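The values are calculated or read from the model by the stated rules, or taken from the named source; none is laboratory data. Model, not experiment: these values are computed from the prediction. FYI the Cβ positions are ideal-geometry reconstructions off the backbone, even for glycines, and counts take in every protein chain you see. We work out accessible area using only protein heavy atoms, side chains counted, and drop any ligands, DNA or RNA first. Shrake-Rupley method; radii C 1.70, N 1.55, O 1.52, S 1.80 Å.
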Amino acid sequence: MLCSVQSRAETHFLIPGGPGGGWDTTARAVGEAMVKSGLDDNTSFQNISGGGGGRAIAYLIESGTKKGDMLMVNSTPIVLRALSGQLPYSYRDLTPVASVIADYGAFAVRADSPYQSWHDVIEALRGDPKTIKVAGGSARGSMDHLVAAQAVQAAGIDGRLLRYIPYDAGGKAKAGLLSGEVNLLSTGLSEALDMMRAGQVRILAITADEPLVEYPQLPTMKTLGYDMEFVNWRGFFAAPDVSQAKVQEYSDRFQRLMATPEWESVRQRNGWRTLFTSQDAFVDLLEAQEQQLRDAMKALGFIHR
């Protein structure tokens, strides 16, 4: 445990989705590591679902700094949903603080699924793209949908034909897979790993750019022969009226966290890659991703502007 921290704090994490999804996992894992490393005295969590994350964003904007140290976790969907018009807000309506991790996409089937490999899924889709129902924890045109569409597109199948079933948050999408409502789950690797450890699913492929040292048994799209990769950043945002001094304080705390054994334990457990960027670099990342996703969404017919 760190003993030399000069000032301690209590952080309230706002989670724009229900329990069990990637945002929930990230916020709670970061909070856990903050407390165990001594960088926070205490952390608290608040799940606000609805509107594709819009309700939580509106709450953060309305609350401002009146409720103390409050940070909202978010990720690539805040860019995607703004581009598709599903959100009336964008990251520009908030104060970007820092990115913390990179997570990868994962495609999972139930443990008793007849699909033994990603190649099996692709062959079934080649025969009839409507054969396989794909679950995701967000709306059509969102990240889970886009990643799955890009994955099948890499195999020469029109991603627009994918039969995507949207659920409200990752926990409900997992339940849909386990109940047999769908055949395949498109989700973040950290959520899929929890289910794999519980013996509920088999992970057929991940979207990392190279095999993961901690999970070498998980095939990447590239090692399977498909030219596709996808990295989902996750990071934190503050209210629009937060001071620059407070942003720097948050950023410094995250940077210190990244160097602790408590963080390394959380990172390995979830299969994440540390992706710490302070505010300026985070904004650069957001702007670059916005352009990349706009191009991909146009190509797949999700947007036309």
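Packing-wise, with mean Cβ within 10 Å as the measure, how do 70-78, 30-38 rank, highest first? All intermediate terms of the calculation are to be shown ahead of the outcome.
On the way: 70-78: 24.8, 30-38: 19.9.
The packing order, highest mean first, is 70-78, 30-38.
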Separation between Cα centres of region 147-166 and region 33-101, rounded to whole Å: 29
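Using alpha-carbon pairs under 8 Å, 6+ residues apart, how would you state the relative contact order of the chain in percent?
Numbers: 607 pairs, mean separation 78.5, N = 305.
Relative contact order here is 26 percent.
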List E62, E210, E287, ordered by accessible area with a 1.4 Å probe, largest first: E62, E210, E287
With DNA, RNA and ligands ignored, accessible area of E181 (1.4 Å probe; Å², nearest 10): 100
Just read off the accessible area of M258 with the full protein assembly in place, 1.4 Å probe, to the nearest 10 Å². 40
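Given Cα pairs under 8 Å that are at least 6 residues apart, what percent is the relative contact order of region 4-83? If you can, show how the numbers build up before the last one.
Values: 114 pairs, mean separation 32.6, N = 80.
Relative contact order, region 4-83: 41 percent.
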Charges on Cβ only, +1 for Lys and Arg, -1 for Asp and Glu, centred on the Cα centroid of region 161-305; of L193, L293, V242, which one is farthest towards the dipole's positive end? L193
Which percentage, to the nearest 5, of the DSSP beta bridges contained in the chain is antiparallel? 60
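If you count, for each residue, the other Cβ atoms within 10 Å and average over each peptide, how do 121-128, 136-143, 47-54 line up from highest to lowest? Intermediate values should be presented prior to the final figure.
Details: 121-128: 16.0, 136-143: 23.1, 47-54: 19.1.
Result, highest mean Cβ count within 10 Å first: 136-143, 47-54, 121-128.
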Measuring from its Cα centre, region 31-126 shows a charge dipole (+1 at each Lys and Arg Cβ, -1 at each Asp and Glu Cβ) which, in debye to the nearest 20, is 320
Please determine, in degrees from 0 to 90 and to the nearest 10, the orientation of helix 22-36 with respect to the longest principal axis defined by the Cα atoms of the chain, where the helix direction is its Cα long axis. 40
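Quick check for me: using +1 on Lys/Arg Cβ and -1 on Asp/Glu Cβ, what's the dipole size of the chain about its Cα centre, in debye to the nearest 20? Let's see the in-between values first.
Numbers: 30 positive and 34 negative charges, 127 e Å.
So the magnitude is around 620 debye.
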For region 218-231, Karplus couplings with θ = phi - 60° (6.51, -1.76, 1.60), whole Hz, Gly/Pro x: 8, x, 8, 4, 5, 5, 7, x, 10, 7, 8, 8, 7, 10
Using amide H atoms built 1.01 Å from N in the peptide plane, name the residues 5+ places from L204, or on other chains, whose amide H lies under 5 Å from its own. F107, A108, V109
In deg cm²/dmol, rounded to the nearest 500, the helical mean residue ellipticity at 222 nm of the chain, built from -39500 (n - 2.57) for every DSSP H run of length 4 or more, is -12000 deg cm²/dmol
Measuring from the longest principal axis of the C-alpha atoms of the chain, the long axis of helix 54-63 (C-alpha) lies at a number of degrees, nearest 10, equal to 10
With Cα coordinates, the longest principal axis of the chain makes an angle with the long axis of helix 261-270, in degrees rounded to 10, of 20
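Taking only protein heavy atoms and a 1.4 Å probe, what accessible area per residue, in Å², does region 147-222 have with all protein chains in place? Don't skip to the end; give the middle numbers.
Numbers: 2930 Å² over 76 residues.
Accessible area per residue: 39 Å².
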Along region 285-294, Karplus-curve 3J(HN,Hα) (6.51, -1.76, 1.60; θ = phi - 60°) to the nearest Hz, with x for Gly and Pro, reads 4, 4, 5, 5, 5, 4, 5, 4, 5, 4
Contact order relative to length of region 195-305, as percent, for alpha carbon pairs under 8 angstrom and 6 or more apart: 15
